[in-house]
Amino acid sequence: NAGVTQTPKFRILKIGQSMTLQCAQDMNHNYMYWYRQDPGMGLKLIYYSVGAGITDKGEVPNGYNVSRSTTEDFPLRLELAAPSQTSVYFCASSYSLAGGREQYFGPGTRLTVT
Amino acid sequence: GENVEQHPSTLSVQEGDSAVIKCTYSDSASNYFPWYKQELGKRPQLIIDIRSNVGEKKDQRIAVTLNKTAKHFSLHITETQPEDSAVYFCAAIIIQGAQKLVFGQGTRLTINP
C-alpha cells in the first residue's frame, strides 16, 4: 500500500491565484482530514470527511473548499490565495478513530503565497 | 469548544535522562488519546496511544498514563537518546458528531549529548 499520498510536495503561489492540493489513500478509510501546520505550531483542522459525499468544516475552514466524490480522494481547493495561507498542509485518513485506530498522515505539501 | 492543552512547549534533557510531557483535555467523553512524533520536515507519526479503559500503556522506552478523573494524560520517555529529539503532539478524540482529533500545541524535545 502507498498509504496517504499528497501532491504537489512544494508550491509557490502569487496572491490571488488558486490551486488544488491533491490527497489520495489506498487503505479504504472512511475518514479523511486536512490540516494546516504553520511554522513552529501545531496542527489545525481545516475540513474533514466521514465518507464519500460528506464533508464538514473544521477549526479553520475560511478560504478553503473540499469535495469527496470517492472514498480514495479528498482534494483541498484554495481560492484567491493570501499570504496567511502560507503553511504546510497535511492530509490524513483513518478507518475509525473511536475504535482507537491510527490516523495516518501524508507527507505534506509546503505552500508559500507571495 | 473542545480543547487540548500541552506542556511544556520546549523541553531539553540530557541523554539518558527521562522526559515527561503533559496534556489536559476538556471533553469528558473523549476515550482515545494518541501521541505523535514529528521529526523536522517529516509527517507526524503515531508512537503510542491509549484508550480510556486503561490507565497506563508501555512500549519499550515510552509509556503513556491517563487520569480520566482529572482529564489529563502524560507521555514518558526513559533513557532518552539523540533520535528522540523531535516535536511531540498529544491529541484527544472528539466524540460529538463526527470523529476527529484535537491536537495539543506540541512540545519540542531536545536531547543533549
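If R0 equals 22 Å, the separation of the Cβ atoms of B:ASN3 and B:LEU46 corresponds to a calculated FRET efficiency of about 0.55.
Note on chain B: Lys pairs 8 or more places apart or on different chains, Cα atoms under 20 Å apart, count 14. Accessible surface calculations at 1.4 Å, restricted to protein heavy atoms, place region B:19-86 at 51 Å² per residue. The shape of region B:74-113 comes out prolate: with a ≥ b ≥ c from the C-alpha gyration tensor, a/c is at least 1.5 and a/b beats b/c. The convex hull defined by the C-alpha atoms of region A:61-102 has an orientation-averaged projected area of 4.1 nm². The Rg/Rh ratio for the protein assembly as shown, using Cα coordinates for both the radius of gyration and the Kirkwood hydrodynamic radius, is 0.97.
The alpha carbon convex hull volume per residue for chain B rounds to 96 Å³. Enclosing the Cα atoms of region A:12-114 in their convex hull gives a volume equal to 94 cubic angstrom per residue. Less than 5 angstrom separates the built amide H of B:ALA91 from those of B:GLY104, all sequence-distant by 5 or more or on a different chain. Summary value for chain A: 35 percent relative contact order, contacts being C-alpha pairs under 8 angstrom separated by 6+ residues. Using only the Cα atoms of region B:24-77, construct the convex hull and provide its projected area averaged over every direction, in square nanometres to one decimal. That works out to 4.1 nm², a quarter of the Cα hull's surface.
Both radii are taken from the alpha-carbon atoms of region A:1-69; with Rh as the Kirkwood radius, Rg/Rh is 0.96.
The values are calculated or read from the model by the stated rules, or taken from the named source; none is laboratory data. This one's a predicted model, so the numbers in the text were calculated from it and none came from an experiment. Because the Cβ atoms are built from the backbone with ideal geometry, glycine has one as well, and the counts that use them run over all protein chains shown. Accessible surface areas use protein heavy atoms only, side chains included; no ligands, DNA or RNA. Shrake-Rupley method; radii C 1.70, N 1.55, O 1.52, S 1.80 Å.
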